[in-house]
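What follows is one structure encoded as structure tokens, with my remarks underneath.
Derivation of every value follows stated rules applied to the coordinates shown; laboratory data play no part. This structure is a prediction, so every number in the text was calculated from the model and none was measured.
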């Protein structure tokens with residue numbers, strides 16, 4: 001599902017190393033959960049600086065694994081933080097959670113396909 005992960009792009013990033021890609025997927029999932037919790041806490045507190053830092057981190061992480069739709073969503077969240085207005089972020093945060101669930105499923109499928 002190229003709309004979830006651009007496999008061609010991410011394989012170029014890891015120079016075709018399937019095991020490295022699987023490791024990156026595992027690191028992404030572990031890292032995402034903590035950053036997503038921090039992002040939500042910052043949103044609830046109205047902590048714009050922390051919100052922007054966490055959305056920026058997730059933007060980079062999702063870009064590194066070529067998770068296209070999530071990356072675009074994180075770009076928008078990051079921009080909200082930079083502008084100092086996160087009041088409209090709630091639906092985008094919900095979308096981020098749905099994207100993560102889709103991404104986890106796609107990563108699991110790819111891991112089986114790539115390394116068995």
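Angle, helix 18-45 long axis vs. longest principal axis of the chain, Cα atoms, 0 to 90°, nearest 10?
Helix 18-45 sits at roughly 10 degrees to that axis.
So if I take the centroid of the Cα atoms in segment 72-116 and the same for segment 1-33, what is the distance between those two points in Å?
14 Å
For the chain, what is the relative contact order in percent, using Cα pairs closer than 8 Å and at least 6 residues apart in sequence?
After rounding, I find 32 percent.
On a full-extension model of 0.36 nm per residue, what is the gain between residue 87 and residue 26, subtracting their alpha-carbon distance, rounded to one decimal in nm?
My answer for the length gained is 18.8 nm.
Based on the Kirkwood radius over alpha-carbon pairs, what value in µm²/s does the Stokes-Einstein equation return for the translational diffusion coefficient of segment 10-55 at 25 °C and 0.890 mPa s?
Stokes-Einstein gives a translational diffusion coefficient of 205 µm²/s.
Give me the extension gain from residue 8 to residue 101: residue separation times 0.36 nm, minus the current Cα-Cα distance, reported in nm with one decimal.
31.4 nm
Kindly express, to the nearest 10 degrees and within the range 0 to 90, the angle between helix 48-64's C-alpha long axis and the longest C-alpha principal axis of the chain.
Rounded to the nearest ten degrees, it is 10.
What ratio of Cα Rg to 2.2 N^0.38 Å holds for the chain?
The reported ratio for this selection is 1.07.
How far is helix 90-115 tilted off the main Cα axis of the chain, in degrees rounded to 10, range 0 to 90?
10 degrees
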